[in-house]
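Working notes, beginning with the structure itself.
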Amino acid sequence: MKMLLVILTVSSSILFSQNNSLFIPKDIQKAIDYETRSNNGEPGKNYWQNKSEYKIDAEVFTDSSILVGEETIKYYNNSPDTLDRIVIRLYQDIAKPGATRDRYVSSKYLGEGLIINRIIVDNDTLDISNESRDIISGSTNMIVTLEQPLAPNKISSINVKWQFKIPKIWKIRMGNYGEGNFFI
């Protein structure tokens, strides 16, 4: 009888000492506390997402294998924060020496990457020289410091003029395959 009582006591203490909730990482708990996420992982009532709309005009010069373009980006700040910079992805800079890549690429495929000729943000033309503090480029990201910070629930207009030398046959994302056949 004593043995049965000991077994029941130990069994019940083990059973009730178990934590029934899952571990929640700090960053997830913070999102739950701010109500940007709910306990079940769905967006919370304070969830937001910035968005952008693009209008791109581009032309391929087949004789020189150069892609020239101009785009206007409408950037919507739906966050509760005032933004002092915007990150623009320069995916074609994967063909630039020193860019972060997940595989080896022969130097014969590398070039200058995307050349930015002009950036205008809300009618302010930015300094695009290498010494500029307005723009910082690294790998495939370009960080643009805004002259006028973008307030919550406001829209910014960004105009970028650029050009890019399309590499010869390249198995990563793009290439000039000859006879007017390009993959961009």
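The values are calculated or read from the model by the stated rules, or taken from the named source; none is laboratory data. Since we're looking at a predicted model, the values are computed, not measured. Neighbour counts run over all protein chains shown; Cβ positions are idealised from the backbone, glycine included.
A few points about this structure:
- Among the residues of the stretch 95-118, none qualifies, meaning not one is farther than 29 Å from K168 by Cβ and in a loop (DSSP other than H, G, I, E, B).
- Checking E147, E179, E131 one by one, the residue that is of a type in the set (D, E, K, R), under 26 Å from K55 (Cβ atoms) and either modelled with pLDDT under 90 or in a strand (DSSP E or B) (or both) is E147 and no other.
- For the stretch 71-92, the criterion of being part of a helix (DSSP H, G or I), within 24 Å of G178 (Cβ to Cβ) and out of contact with any Lys or Arg (no Cβ under 7 Å at 6 or more places or on another chain) is met by at least one residue.
- Residue satisfying all of: in the stretch 127-153; touching a residue at least 40 places away in the same chain (Cβ under 8 Å) and among the aliphatic types (A, V, I, L, M); farthest from P97 (Cα to Cα) among these: A151
- In the stretch 64-76, the condition of being surrounded by fewer than 13 Cβ atoms within 10 Å (Cβ to Cβ) and within 22 Å of the chain's Cα centre (by Cα) is met by no residue.
- Against the list (1) closer than 22 Å to K51 by Cβ; (2) surrounded by fewer than 16 Cβ atoms within 10 Å (Cβ to Cβ), the condition I119 fails is (2).
- In the set I94, I56, I32, only one residue is among the hydrophobic types (A, V, I, L, M, F, W, C) and surrounded by fewer than 13 Cβ atoms within 10 Å (Cβ to Cβ); that residue is I56.
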